[in-house]
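K.L.:
One structure coming up, written as structure tokens, with questions to follow.
The values are calculated or read from the model by the stated rules, or taken from the named source; none is laboratory data. None of the values given here were measured: they were computed from a predicted structure. Backbone-built Cβ (ideal geometry, glycine too); neighbour counts: all protein chains shown. For the accessible areas, the whole protein counts, side chains as well, though only heavy atoms, and no ligand, DNA or RNA atoms are used. Shrake-Rupley method; radii C 1.70, N 1.55, O 1.52, S 1.80 Å.
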Amino acid sequence: MSKEPKSKEQKSAGQRLADKLFFAAKNCWEAIDEKTEKEVEAFARSYRKMLDRGKTEREFSAASVELLRKEGFIDLEKIKEIKPGAKVVQHIRGKALVAAVVGKRPLAEGVNILGAHVDSPRLDLKQSPLYEESEFAFLDTHYYGGIKKYQWTTIPLAMHGVFIDSAGKEICVTIGEDEDDPVFTITDLLPHLAQEQLQKKASEVVEGEELDVLAGSRPYNDEKVKEKVKLLVLSILNEKYGIDERGFAAAEIEFVPAFKARDLGLDRSMIGAYGHDDRCCAYPALRALVEIAAAKEPPEKTAVCYFSDKEETGSYGNTGAQSWGFENFVAALAGEDKLRRCFERSSMLSTDVNAAFDPSYASVFDKRNSSYLGKGLVLTKYTGSKGKSGASDANAEFCAKVQAMLNRNSIPWQTGALGKVDKGGGGTIALYAAKYGMDVLDCGVPVLSMHSPFEVISKIDLYMAFRGYVAFLREM
Ligand code: MN
Ligand code: MN
């Protein structure tokens with residue numbers, strides 16, 4: 001057995017030319033060394049923990065703020081001086097977040113931004129959700145984001161969110177995460193009686209109004225009341241959280257899958273979990289900012305991490321990327337008068353997921369332009385649909401700059417597209433950043449089964465995202 005790798009002399013002229021000219025992203029596991037493997041595993045472990053803690057935008061952003069404060073980040077309103085090395089954080093209405101490590105150069109020269117979103121598709125409770133039917137108690141939902149509705153039946157669901165009491169105090173609710181907690185579910189029809197249902201189009205098999213969460217079946221013990229099952233459910237909520245039926249009107253209660261993030265596959269190369277989109281980019285972005293904050297020297301340019309909410313419904317609302325929250329934060333650091341100049345010279349990675357090639361559904365993917373699990377960070381020049389409609393479409397110059405930065409740091413990357421032309425489409429927050437005139441490129445982690453209750457990513461892509469984001473904040 002020869003120890004030496006094949007020398008160049010053994011290759012034909014054509015092979016050598018092909019090595020030089022062809023570009024094909026390689027599977028990152030193939031050439032992994034022991035040290036990297038350990039880092040990949042450690043990073044995956046901490047990510048799984050964070051996912052289990054942060055299943056909603058509120059929980060994930062709160063856990064992020066907590067981590068940042070522990071690392072010495074100070075709330076924007078408490079910060080005394082904006083000087084190089086200053087670490088600042090702002091939690092926007094408990095759902096979105098902006099944080100920065102102030103760099104050596106003036107903000108007017110531009111900042112480097114990692115922008116992710118921390119909301120995920122789910123089922124939201126309506127304002128008057130609780131009803132009794134045939135001696136069952138149900139909670140009526142309106143789904144949030146793009147989901148295949150039939151995927152959300154017959155799985156254990158957990159209840160997360162907040163009620164606001166009469167004094168205006170927030171009451172946090174989590175039911176279904178502890179092993180001893182009860183869970184919830186949405187029922188489906190048995191196959192024996194589903195002949196008619198199974199003839200329906202998949203989009204109609206389970207309709208939006210049928211996504212009602214089963215919440216109880218035991219009557220309150222009093223013959224004189226009507227709706228005994230509903231009353232018992234309410235009395236339990238009242239005992240535990242002090243709320244009555246009116247409480248739902250001013251609440252934000254979300255139902256999410258009750259299962260935990262798990263290693264996936266015999267080789268444990270993947271992670272299966274709810275909410276990878278977009279926490280598998282948000283978490284590496286957060287950790288990258290922490291890494292920058294922990295360095296001896298402040299970064300050249302100010303490093304910013306932005307977690308937006310409401311991406312899955314169009315980035316509207318005062319916590320979405322179309323609101324001024326992010327702008328206001330940078331204005332506070334840069335000075336109102338320098339904000340536009342700062343933005344115009346800034347760079348942003350829109351750190352969001354890409355649809356990975358799935359051999360089980362090969363027909364909708366363009367094999368040469370798809371991203372693949374295990375092949376590193378995905379650079380998506382444009383999203384949108386039907387003739388690039390709604391796409392920000394990154395400039396060639398910026399794409400080249402990001403690619404060169406990744407190459408310099410030996411970080412594997414691949415290109416990505418959202419399926420074949422005219423097969424569908426989607427978007428990210430990239431276009432809302434692009435409107436300021438800054439450079440933006442979508443750069444994230446490839447995902448299988450996106451927007452399902454159990455999405456799949458590769459551990460190595462997650463880790464490469466972290467390393468790529470650190471390099472971006474340091475060097476752009
Ligand atoms: Mn996303
Ligand atoms: Mn999404």
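K.L.:
Please list, by residue number, every one of the trypsin sites (Lys or Arg not before Pro) in the range 118-211 that is coil in DSSP and has at most 15 other beta-carbon atoms within 10 Å.
P.N.:
Values: sites: 122, 126, 148, 149, 169, 200, 201; in loops: 148, 169, 200, 201.
Passing sites in the range 118-211 are 148, 169, 200, 201.
K.L.:
Right, here's the next one. Between residue 207 and residue 153, what is the label-point separation in nm under the 7 Å Cα-to-beta-carbon projection?
P.N.:
Taking the two extended label points, one gets 1.3 nm.
K.L.:
Same structure, new question: Which net charge results when you count Lys and Arg as +1 and Asp and Glu as -1 among the other residues whose beta-carbon is under 12 Å from that of residue 392? Write out the running numbers ahead of the final one.
P.N.:
Working: positive: 381, 388, 435; negative: 352, 393, 439, 442.
Its environment carries a net charge of -1.
K.L.:
Suppose every K and R has +1 on its Cβ and every D and E has -1 on its Cβ; what is the size of the dipole of the range 193-351 about the Cα centre, in Debye to the nearest 20? Walk me through the numbers before you get to the answer.
P.N.:
Working: 21 positive and 28 negative charges, 86 e Å.
Here the size comes out at about 420 debye.
K.L.:
Local charge sum around residue 376 (other residues, Cβ-Cβ under 13 Å, Lys/Arg +1, Asp/Glu -1)?
P.N.:
Values: positive: 26, 375, 459, 467; negative: 30, 461.
That works out to +2.
K.L.:
How much of the accessible area of the range 14-79, probe 1.4 Å, is carbon plus sulfur, in whole percent? Let's see the in-between values first.
P.N.:
Values: 2230 of 4210 Å².
So the carbon and sulfur contribution to the accessible surface is 53 percent.
K.L.:
Here's a follow-up. Given the C-alpha atoms of the chain, compute the convex hull and give its volume per residue in Å³. Mind showing how you got there, number by number?
P.N.:
Numbers: hull volume 89.7 nm³, N = 476.
Dividing the Cα hull volume of the chain by its residues yields 188 Å³.
K.L.:
Follow-up question, since we're still on this one. For residue 133 and residue 360 in one chain, what is 0.36 nm times their gap in residues minus the Cα-Cα distance, to one decimal in nm?
P.N.:
On the way: separation 227, 0.36 × 227 = 81.72 nm, distance 4.00 nm.
Extra length available between residue 133 and residue 360 comes to 77.7 nm.
K.L.:
Carbon-plus-sulfur fraction of the accessible area of the range 291-428, 1.4 Å probe, in percent? Kindly include the intermediate steps, with their values, before the conclusion.
P.N.:
Working: 3080 of 6520 Å².
Roughly 47 percent, rounded to a whole number.
K.L.:
In addition: If you find the alpha carbon centre of the range 292-350 and of the range 103-166, how far apart are they in angstrom?
P.N.:
Each part reduced to its Cα centre gives a spacing of 23 Å.
K.L.:
What does the net charge come to around residue 189 if you take all other residues with beta carbon closer than 12 Å to its beta carbon, with K and R at +1 and D and E at -1? Spell out each step's value before the answer.
P.N.:
Details: positive: 200; negative: 188, 196, 210.
Overall, the nearby charge balance is -2.
K.L.:
Related question: To the nearest 0.05, what FRET efficiency results for residue 108 and residue 389 with a Förster distance of 35 Å applied to their C-beta separation?
P.N.:
Numbers: r = 34 Å, r/R0 = 0.98.
With a Förster radius of 35 Å, E is 0.55.
K.L.:
Can you list which of the GluC sites (Glu not before Pro) found in the range 212-286 are DSSP loop residues with at most 10 other C-beta atoms within 10 Å?
P.N.:
Details: sites: 223, 227, 239, 245, 252, 254; in loops: 223, 227.
Counting only loop positions with at most 10 other Cβ atoms within 10 Å, the GluC sites (Glu not before Pro) in the range 212-286 are 223.
K.L.:
Here is a further query. In nm, give the distance between the simple-model label positions of residue 214 and residue 75, each being 7 Å from the Cα along the Cα-to-Cβ direction.
P.N.:
Those two pseudo-labels are separated by 4.4 nm.
K.L.:
Now for a different question. Can you give me the distance in nm between label points at residue 423 and residue 245, each placed 7 Å from the Cα along the Cα-to-Cβ direction?
P.N.:
Placing both labels 7 Å beyond Cα along the Cβ direction yields 4.9 nm.
K.L.:
How much of the DSSP beta bridge set in the chain is antiparallel, as a percent to the nearest 5?
P.N.:
Values: 53 of 76 bridges.
Close to 70 percent.
K.L.:
Additional query: Residue 165 to residue 21: extension gain in nm, 0.36 nm per residue of separation minus the Cα-Cα distance? Numbers along the way, then the final one.
P.N.:
Working: separation 144, 0.36 × 144 = 51.84 nm, distance 6.47 nm.
Length gained, residue 165 through residue 21: 45.4 nm.
K.L.:
Could you tell me what percent of the accessible area of the range 190-239 is made up of carbon and sulfur, with a 1.4 Å probe and every protein chain present? Working shown, then result.
P.N.:
Numbers: 1930 of 3850 Å².
Looking at the range 190-239 in its full context, I get 50 percent from C and S.
K.L.:
Related question: Where only protein heavy atoms count, and the probe is 1.4 Å, what is the accessible area per residue for the chain in Å²? Could the numbers behind the result be given before it?
P.N.:
Numbers: 24120 Å² over 476 residues.
So the chain comes to 51 Å² accessible per residue, rounded to a whole number.
K.L.:
Note down the relative contact order for the chain as a percent, whole number, built from C-alpha pairs under 8 angstrom at least six residues apart.
P.N.:
Worked out over the chain, it gives 21 percent.
K.L.:
Still on this structure, please answer the following. Which whole number of Å³ per residue matches the convex hull of the alpha-carbon atoms in the range 151-193?
P.N.:
Numbers: hull volume 4.5 nm³, N = 43.
Here the figure is 106 Å³ per residue.
K.L.:
Enumerate the helices in the chain for which the Kyte-Doolittle hydropathy averages 0.5 or more and the C-alpha atoms extend at least 15 Å along the helix's axis, using complete DSSP H runs.
P.N.:
Numbers: long enough: 34-53 (29 Å, -1.46); 57-70 (20 Å, -0.49); 228-241 (19 Å, 0.52); 276-294 (27 Å, 0.25); 396-408 (18 Å, 0.13); 459-475 (24 Å, 0.26).
In the chain, the long hydrophobic H runs are 228-241.
K.L.:
Given the DSSP H assignment, sum -39500 (n - 2.57) over each helix run of at least 4 residues in the chain and divide by its residue total; what's the result at 222 nm in deg cm²/dmol, nearest 500?
P.N.:
Details: 11 runs with 131 residues, N = 476.
Rounded to the nearest 500, the figure is -8500 deg cm²/dmol.
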